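Working notes, beginning with the structure itself.
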Amino acid sequence: MSKDWPLWEVFVRSKGGLSHRHVGSVHAPDAEIAVRHARDTYTRRMEGVSLWVVPSAQIIASDPAEDGPMFEPAEDKIYRHPTFYNIPDGISHI
Amino acid sequence: MPSLPPIRPEDEAVAKVRGNTGAFDAPPVAEEDRVRFDYLLRLGDDSLILGQRLSEYCGHAPSVEVDLSLANMGLDLIGQATHFLEYASKVEGAGRDGDALAFRRDVLDFRNCWLVEQPNGDFAQTMARQFLFSTWQKLLFGQLTASADEMIAAIAAKAVKEVTYHEELSAEWVIRLGDGTDESRRRMKEGLDWNWRFIPELFEMDEIAAEMTSRGIGADVGSFREEYDRKVRAVIEQATLEVPSDQRPILGGRRGHHSENLGHILAPMQYLQRTYPDATW
């Protein structure tokens, strides 16, 4: 049955102030049921305070065949990482 | 139906010492507490039996997402049952705890309504049963949050949020299956027809329910009958189905008269504790 249902990507905000993060996907016949399925599948252990679902078909993805031009040029540009700063203790979400 | 344990010689000795007072297993309970105990069994057994029914779906639902939803609802209900039955055991004061009430009581001592022991049937029948029950249970717990019994009020306040979700989810499915394909529509219609005759029992006011209401402890179920009918009708209409015609009501669960289904639920549920009492792992 589920193979006939469209796929939805699920995003969960773990607590106020943090951004929604992709956690997985669910099958559901429509958006409202998708939110409920996402709730039961991904937040039953208190993982979140807010949920988004997005039709998977609406996600525009980069082309894996284009990985080289897309991502490799960044590999040797270590100076773009902010690794030369000291991060104060107690900053957990960075 | 699970068989009763055999009467051992030492049990007979105890019975002789106590005399024929009807207090073989337990010291007499004050009449006031006996009524409260019975009322708590009704609340706890409804949740326990429906929770057990839903757990039968584990690994069998139409999709893994639905599987999780049904198991989550089942666990919510088992949690409610744990609270109600633990409290019932304290009110009874007979030295048996909530687990003993759940796993070592015989079928005739269960006080759940007929609706919750109905077979799962197909997914539509399961959702129809859930919708008809959760809509009622939400109104019930809503009232019980104001119970004069603080423990009942506290359990109801926690449970009403869970049940609100059960009602919403099952209503969504009633609407989608009713207003779905020819097959899903036929199945939902049959699911509602099957469960319809068990609604009147939910609103039955017998002596125990009436006494609990008059003491401000129990809910006055009659007071939300109209609201229940209105909610149920609205969802069925949104599902583009016809409201089933009333059938001859089936009553008696609250007094221990059950369908043959309940014994079949209890047998696997109680097997372990009856075979290996006090087993732990």
Next item on the list: Kindly put B:158, A:15 in sequence by how many other C-beta atoms sit within 10 Å of each C-beta, fewest to most.
Entry: A:15, B:158
Next item on the list: Considering Cα pairs under 8 angstrom that are at least six residues apart, work out the relative contact order of chain A and quote it in whole percent.
Entry: 27
Checklist line | Amide proton proximity set for residue A:28, modelled H, under 5 Å, gap of 5+ | finding: A:8
Next item on the list: Give the relative contact order (percent, whole number) for segment B:32-113; include only Cα pairs under 8 Å separated by 6+ residues.
Entry: 42
Next item on the list: Could you tell me whether chain A comes out rounded, prolate or oblate from its Cα gyration tensor? Rule is a ≥ b ≥ c as square roots of the eigenvalues, rounded for a/c under 1.5, then prolate if a/b exceeds b/c, otherwise oblate.
Entry: oblate
Note to self: Sort B:47, B:184, B:223, B:134 by Cβ crowding within 10 Å, fewest neighbours at the top.
What the structure shows: B:223, B:184, B:134, B:47
Check: Taking the Cα atoms of the protein assembly as shown, what is the range of coordinates along each of the three principal axes, in descending order and whole Å?
Finding: 92, 56, 39
Notebook entry, point to check: Each residue of segment B:111-122 in order: what ³J(HN,Hα) in whole Hz does its phi give by Karplus 6.51 cos²θ - 1.76 cosθ + 1.60, θ = phi - 60°, with x for Gly and Pro?
Noted result: 10, 6, 7, 5, 4, 6, 8, 5, x, 4, x, 8
Next item on the list: Could you give the spread of the C-alpha atoms of segment B:178-281 along their three principal axes, from largest to smallest, in whole angstroms?
Entry: 51, 42, 28
Checklist line | Where labels lie 7 Å past Cα in the beta-carbon direction, separation of residue B:96 and residue A:21 in nm | finding: 4.8
Note to self: Can you compute 3J(HN,Hα) from phi for each residue in segment A:17-33, using the Karplus curve 6.51 cos²θ - 1.76 cosθ + 1.60 with θ = phi - 60°, rounded to whole Hz and x for Gly and Pro?
What the structure shows: x, 8, 7, 5, 10, 5, 10, x, 9, 9, 9, 7, x, 7, 5, 5, 5
Check: What whole number of Å gives the distance from the Cα centroid of segment B:148-163 to the Cα centroid of segment A:1-44?
Finding: 29
Next item on the list: For every helix of n ≥ 4 consecutive DSSP H residues, a contribution of -39,500 (n - 2.57) applies; sum these over chain B, divide by its total residues, and give [θ] at 222 nm rounded to the nearest 500 deg cm²/dmol.
Entry: -21000 deg cm²/dmol
Notebook entry, point to check: So for B:91, B:163, fewest C-beta neighbours within 10 Å to most, what's the order?
Noted result: B:91, B:163
Checklist line | Under 26 Å between alpha carbons - lysine pairs in the protein assembly as shown that sit 8 or more apart or on different chains | finding: 13
Note to self: Below 8 Å between Cα atoms, with a sequence gap of 6+, how large is the relative contact order for chain B in percent?
What the structure shows: 23
Notebook entry, point to check: Once phi is turned into ³J(HN,Hα) by the Karplus curve 6.51 cos²θ - 1.76 cosθ + 1.60 with θ = phi - 60°, what whole-Hz value does each residue of segment B:268-273 show in order, with x for glycine and proline?
Noted result: x, 5, 9, 3, 5, 5
Next item on the list: List the residues whose amide H sits under 5 Å from the amide H of residue B:180, counting only those 5 or more places along or on another chain, with H placed 1.01 Å from N in the peptide plane.
Entry: B:185
Note to self: Angle check, please: helix B:64-92 long axis (alpha carbons) against the longest principal axis of chain B (alpha carbons), in degrees 0 to 90, nearest 10.
What the structure shows: 30
Margin query: 7 Å from Cα along Cα→Cβ at both residue A:87 and residue B:248: what's the point-to-point distance in nm?
Written below: 7.3
Next item on the list: Could you pull out every residue, at least 5 positions away or on a different chain, whose amide H is within less than 5 Å of the one on residue A:50? Hs are placed 1.01 Å off N in the peptide plane, and Pro or chain starts have none.
Entry: A:13
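Read-outs: derived from the displayed coordinates by stated rules, not from any lab. Owing to the predicted nature of the structure, the values given are computational and were not obtained by experimental measurement. In this analysis, Cβ positions are derived from the backbone assuming ideal geometry, glycine residues included, and neighbour counts consider all displayed protein chains.
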